[in-house]
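**Student:** Once you've had a glance at the structure underneath, I'll fire off some questions.
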Amino acid sequence: MARRWVRLYKSKFNMLQLTDLHAFYGQSHVLHGVSFQVRPGEIVALMGRNGVGRSTTAKAIMGLVQARGSLRWKEQEVLGSKTFEMARLGIGYVPESRDVFPALTVQQNLLLGQKNYRAEPASKLRWSFDDVYALFPSLLERRNIEAGVLSGGEQQMLSLGRSLMGAPELLIVDEPTEGLAPQVVAQVAQCLVELRQRGLGVLLIEQKLDIALRTADRVLVMGHGRVVFEGRPQQLLDNAAVRREWLEV
């Protein structure tokens, strides 16, 4: 039976805190002092043009690129941790490339993301196959189909679902609507809202302004490897200068 969604009050506690974070690809200095926080039960949209450091920020959090500064998870310094250690702490990551296993079925892909709950205490954030299929009914219909033949939208849902099977407290989602049909974009946006209602924090890396305005509690705009704006969606909508300088083509 599908689990009923329960709205949890957003906390003032900073689950994830970045302070003066710098990141590098070899000698190339990409992030220049990024600072922001994500709280439980809120969606923070990280926006900006291509190449400004949004995806690098996600990779720095997950230990995939060289970084310095401060990265705190629940008040504990975790900068320098390996990717699997960040996942064990409770951070899920859905890359832009989706990275499904094409030769495995939908069900097998989800199974690979499943957390070993026997080794840990019960969590209100744990996910079952039924939970994922309730969120994405089309995956239930195709659960025995190889992931490689799914549509782009179905692969995005599968990537999200596989990350959720790891029972994250924070989900980092990189460009989840890129290349998707409008009706699938709307479904993914609604999924993110439902995750917030369940109490997850979400760091949404997104280029589409309408999606950010529709789903986010706070919006960050990046430019030249820095955060150049932070505010509520309506504040960004009202600030034509910021949108013109840092978002519009």
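Please treat every number below as a calculation from the coordinates, not as lab data. Remember, it's a predicted structure, so these values are computed and weren't measured experimentally. Every residue, glycine among them, receives a Cβ derived from its backbone with ideal geometry; neighbour counts consider all protein chains shown.
**Student:** Could you give the dipole magnitude of the stretch 145-212 about its Cα centre, charging the beta-carbon of Lys and Arg +1 and that of Asp and Glu -1, in debye to the nearest 20?
**Tutor:** The calculated dipole for the stretch 145-212 is roughly 200 debye.
**Student:** Now, a different point. Given springs between every Cα pair under 10 Å in a Gaussian network model of the chain, which of Gly148, Gly199, Gly26 has the largest fluctuation?
**Tutor:** Taking springs between Cα atoms under 10 Å, the residue moving most is Gly26.
**Student:** Kindly provide the pair-distance distribution of the stretch 111-249 built from C-alpha pairs, with 5 Å bins from 0 and whole-percent values in order of increasing distance.
**Tutor:** 2, 9, 18, 19, 17, 14, 9, 7, 4, 1, 0
**Student:** Sticking with this structure for a sec: If you rank Met62, Met157, Met47 by fewest surrounding Cβ atoms within 10 Å, what's the result?
**Tutor:** Going from least to most buried by this count: Met62, Met47, Met157.
**Student:** Amide H of Val227 versus every other amide H placed in the peptide plane: which residues, excluding those fewer than 5 positions away on the same chain, fall under 5 Å?
**Tutor:** When sequence neighbours closer than 5 places are left aside, the close amide H contacts are Ser35.
**Student:** A further question follows. From the helices alone, meaning DSSP H stretches of at least four residues, give me the mean residue ellipticity at 222 nm for the chain, per-run term -39500 (n - 2.57), in deg cm²/dmol to the nearest 500.
**Tutor:** Helix-only estimate at 222 nm: -9500 deg cm²/dmol.
**Student:** Further question on the same structure: Per q in 0.13, 0.26 Å⁻¹, report the Debye log10 I(q)/I(0) for the stretch 185-243, using one uniform scatterer on each alpha carbon and no solvent.
**Tutor:** The Cα Debye sum returns log10 ratios of -0.35, -1.15.
**Student:** Nearest 5 is fine: what % of DSSP beta bridges in the chain come out antiparallel, could you say?
**Tutor:** The antiparallel fraction comes to roughly 60 percent.
**Student:** Where nothing but the Cβ of Lys and Arg (+1) and of Asp and Glu (-1) is charged, how large is the charge dipole of the chain around its Cα centre, in debye to the nearest 20?
**Tutor:** 620
**Student:** Take every Cα pair under 8 Å in the chain that's 6+ residues apart, average their separations, divide by the length, and report that relative contact order as a whole percent.
**Tutor:** It comes to 28 percent, rounded to a whole number.
**Student:** A further question on this structure: How many nm separate the modelled label positions at Ser151 and Gln114, each set 7 Å beyond the Cα in the direction of the Cβ?
**Tutor:** Calculated label separation equals 2.8 nm.
**Student:** Here is a follow-up. Give the share of C-alpha pairs in each 10 angstrom bin for the stretch 16-246, from 0 to the last occupied bin, in whole percents, shortest bins first.
**Tutor:** 8, 33, 37, 19, 3, 0
**Student:** Among Phe229, Phe129, which comes first, second and so on when ranked by fewest other beta-carbon atoms within 10 Å?
**Tutor:** Phe129, Phe229
**Student:** For a paramagnetic label modelled at 7 Å from the Cα of Asp20 toward its Cβ, which residues of the stretch 65-94 fall within the zone defined by backbone nitrogen distances under 11 Å?
**Tutor:** 69-70
**Student:** A follow-up question, please. Counting only complete DSSP H runs, which helices of the chain cover 15 Å or more along their long axis at the Cα atoms and score a mean Kyte-Doolittle of 0.0 or above?
**Tutor:** Once both thresholds are applied, what remains is 182-198.
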